[in-house]
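Just so it is clear, none of the values below were taken in a lab; they were calculated from the coordinates. Given the structure is predicted, the values throughout are model-derived calculations rather than measurements. Note that each Cβ is placed from the backbone with ideal geometry, even for glycine, and that neighbours are counted across all protein chains shown.
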Amino acid sequence: MSDQGQDPKKRKGVQIKVPEEVAKGAYANTMAVFHTREEFVIDFLNVFPPSGVATARIITSPGHIKRIIRALQENLRRYEDRFGPVEEAAPPTTGPMGYA
């Protein structure tokens, strides 16, 4: 995921193209995670009761999901080091997926 720990002389660049539609991003205010033995599925959702829409779906391997989690934890730590602690929002408590 990151080659920060590598010697800069040993890094190999990979040029990544980001299609315009992907570059726009997709807003999500909640997510759902499912898994099988072989894959993790993460659905990013924009829920505004009484309805919602899946804005993105990521399917990846269990090994890769561990690297994603580690990268997110490290980036959250850096963010909090710079901007201060982030308070976790209380989860919604009613309805399916926590919404009334």
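When each of K24, K66 is scored by the number of other beta-carbon atoms lying within 10 Å, the sequence from fewest to most is K24, K66. Two-decimal Rg/Rh of the stretch 26-83 from alpha-carbon positions, Kirkwood Rh? That ratio equals 1.07.
Rounded to the nearest 0.05, the FRET efficiency derived from the C-beta distance between K17 and E87 at R0 = 35 Å is 0.40.
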